[in-house]
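Data block below; observations after.
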Amino acid sequence: MLLEFSKMHGLGNDFVVIDLVRQRAYLDTVTIQRMADRHFGIGFDQLLIVEPPEDPTADFKYRIFNADGSEVQQCGNGVRCFARFVYEQQLTYKTKLRVQTQSGIVEPELGANGWVRVNMGLPKFLPEQIPFQADTAQMLYPLQLHDREIQIDVVNMGNPHAVYLVDDIFQADVAQIGAQVESHQRFPERVNVGFLQVLSRQQARLRVYERGAGETLACGTGACAAVVSGIRRGVLDNNVNIELAGGMLNIAWQEGDVVWMTGPTARVYDGRLDLRYFQG
């Protein structure tokens, strides 16, 4: 069968978005992996699925799958692209949405020029909320790797993040350290790893090693987690422009309140795929 899709990206974090409100399809792990292959498939960091909501207060349900076929709870760059997709596909005429995810309701708001502002919800810090194995809640945790010990903060922004403060993200060994932290035994569901460099109290840089995807050009929830961590550590103010490889996001947070993320989106192209070539 032919399945219509859109290729989109948020700061280079790229997605295939599929409407399963007006279409019907079953996408298993092998099919998703083959679609994600950048040589033999379409290629993407994540697959975004639009479905009818189960929550009567929501406009849509939103599911996210990594390139390895694993399903995750949230994606900040993805929810911005999702909001633009459903509006441009005329699945809704609303510019303010309530979207059901595995981690709860998120509320994106479409602005001018493809920019989207999103209420990302409350950050969570307790070890059992990450989840992360620790006897007590702390601001920072020592984490023993193969050849070194590092200090990390842990934040759940709909999915789990470990934030590691570095002097220079361009010198950081993101591939090696990221892989070790992602699969560390203290993170039973694995973790996304953010490498945060503070430039000033209002500016920062970030690289993210995402679970199931490796290093990506941008990660919206990772940017939220990193700024929240910097604010909690006292090195960032409450409104921060954070630079990722794919571009800039604005993150705003007051302790005890929700996190607001604002950033751009882009639609690259629309297409149709024959599922027979991707199914196992």
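Give the relative contact order (percent, whole number) for the stretch 157-245; include only Cα pairs under 8 Å separated by 6+ residues.
30
Which value in nm describes the separation of the simple spin-label points at residue 92 and residue 54, placed 7 Å from the Cα toward the beta carbon?
So the two model labels end up 1.9 nm from each other.
Out of all Cα-Cα pairs in the stretch 199-247, roughly what percent, to the nearest whole number, are more than 16 Å apart?
35
Packing-wise, with mean Cβ within 10 Å as the measure, how do 164-172, 119-127, 139-147 rank, highest first?
In decreasing order of mean packing, 164-172, 119-127, 139-147 become 119-127, 164-172, 139-147.
Enumerate the whole-percent occupancy of each 10 Å bin, from 0 to the last occupied one, for all C-alpha pair distances of the stretch 170-280.
Computed distribution, short to long bins: 13, 37, 30, 14, 5, 0.
For the pair residue 4 and residue 105, how long in nm is the line joining their label points, each one 7 Å along Cα→Cβ?
2.9
Can you give the Kirkwood hydrodynamic radius for the stretch 35-133, in Å, rounded to one decimal and based on Cα pairs?
After inverting the mean inverse Cα-Cα distance, the result is 14.6 Å.
From a point 7 Å beyond the Cα of residue 25 in the direction of its Cβ, which residues of the stretch 66-84 have a backbone N at a distance under 19 Å?
The answer is 66-72, 78-79, 81-84.
Net charge near residue 243: determine it from the other residues with C-beta under 14 Å of the C-beta of residue 243, scoring Lys and Arg +1 and Asp and Glu -1.
So the environment of residue 243 carries a net charge of +1.
Which helices, counted as full DSSP H runs in the chain, have an axial Cα extent of no less than 18 Å and a Kyte-Doolittle average of -0.5 or above?
Once both thresholds are applied, what remains is 76-88, 220-233.
Run through the stretch 157-265 and list the trypsin sites (Lys or Arg not before Pro) located in a DSSP loop whose Cβ has at most 10 other Cβ atoms within 10 Å.
Of the trypsin sites (Lys or Arg not before Pro), not one in the loops of the stretch 157-265 has a Cβ with at most 10 other Cβ atoms within 10 Å.
When the gyration tensor of the stretch 110-257 is built from Cα positions, what are the square roots of 5 times its three eigenvalues, in whole Å, from largest to smallest?
23, 17, 15
Between residue 237 and residue 179, what's the calculated FRET efficiency when r is the beta-carbon distance and R0 is 25 Å? Round to 0.05.
Calculated value: 0.20.
DSSP beta bridges in the chain, what fraction antiparallel, as a percent rounded to 5?
Roughly 80 percent of the DSSP beta bridges within the chain come out antiparallel.
Using a 1.4 angstrom probe and counting only protein chains, how large is the accessible area of residue 274 in Å², to 10?
In the full protein context, residue 274 sits at about 30 Å².
If DNA, RNA and ligands are ignored and the probe is 1.4 Å, what is the ranking of 95, 216, 262 by accessible area, most exposed first?
Order by accessible area, largest first: 95, 262, 216.
Which log10 I(q)/I(0) values, to two decimals, does the chain give at q = 0.12, 0.13, 0.15, 0.17 Å⁻¹ under the Debye formula with one point per Cα?
Values, matching the q order: -0.70, -0.83, -1.10, -1.38.
Can you give the extra length, in nm with one decimal, that the chain gains between residue 133 and residue 149 once fully stretched, where that is 0.36 nm per residue apart less the Cα-Cα distance?
Working it through step by step, the gained length comes to 4.1 nm.
Quick one: net charge of residue 278's neighbours, Cβ under 13 Å, K/R +1, D/E -1?
0
The values are calculated or read from the model by the stated rules, or taken from the named source; none is laboratory data. Keep in mind it's a predicted model, so treat the numbers as computed, not measured. Glycine gets a Cβ as well: all are built from the backbone with ideal geometry, and neighbour counts include every protein chain shown. With ligands, DNA and RNA removed, areas are computed over all heavy atoms of the protein, side chains included. Shrake-Rupley method; radii C 1.70, N 1.55, O 1.52, S 1.80 Å.
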